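Some notes on the structure that comes next.
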Amino acid sequence: MGIIEKHQGCPDIIEKVDSCFGPKGDFYTVFGTEFGFLKDHLRISISVGFLIFFVLYFLKHEEKIKLPFYLIIIIPIIITILLFFLLAYLFPVVVWY
């Protein structure tokens with residue numbers, strides 16, 4: 001099981017292959033879970049990223065911290081990506097076709 005993998009799904013015309021169950025066409029998986037089923041993981045990660053951005057921006061505006069603005073943008077982006085992969089790894093979605 002790799003981090004991100006590309007898989008070949010069923011052909012677009014199911015009538016040609018009666019024994020194929022699963023998604024149509026090629027699809028990607030993240031830690032074995034199809035990317036389409038990780039929408040909640042993505043929503044949580046983006047929400048936490050926005051929250052961290054607004055907290056850092058507020059603290060900079062109130063002069064509590066001294067960070068350059070580019071770090072205030074980069075830190076939440078990195079945390080969002082890492083949190084998404086962590087959630088995808090710790091809470092996989094199992095789908096039976």
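The values are calculated or read from the model by the stated rules, or taken from the named source; none is laboratory data. The model shown is predicted, which means the values in this text are computed figures rather than measured ones. Positions of Cβ are generated from backbone atoms using ideal geometry, with glycine treated the same way; all protein chains shown enter the neighbour counts.
See the values below:
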quantity: Residue within the range 54-77 that is loosely packed, with under 13 Cβ neighbours inside 10 Å and closer than 27 Å to residue 2 by Cβ present; calculated: yes
quantity: Some residue of the range 25-35 being free of Cβ contacts under 8 Å to residues at least 24 places away in the same chain and within 17 Å of residue 80 (Cβ to Cβ); calculated: yes
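Conditions (1) at pLDDT below 80; (2) surrounded by 11 or more Cβ atoms within 10 Å (Cβ to Cβ); (3) assigned to a strand (DSSP E or B), marked per residue:
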residue	(1), (2), (3)
5	no, yes, yes
12	yes, no, no
22	yes, yes, no
29	no, yes, yes
38	no, yes, no
43	no, yes, no
46	no, yes, no
51	no, yes, no
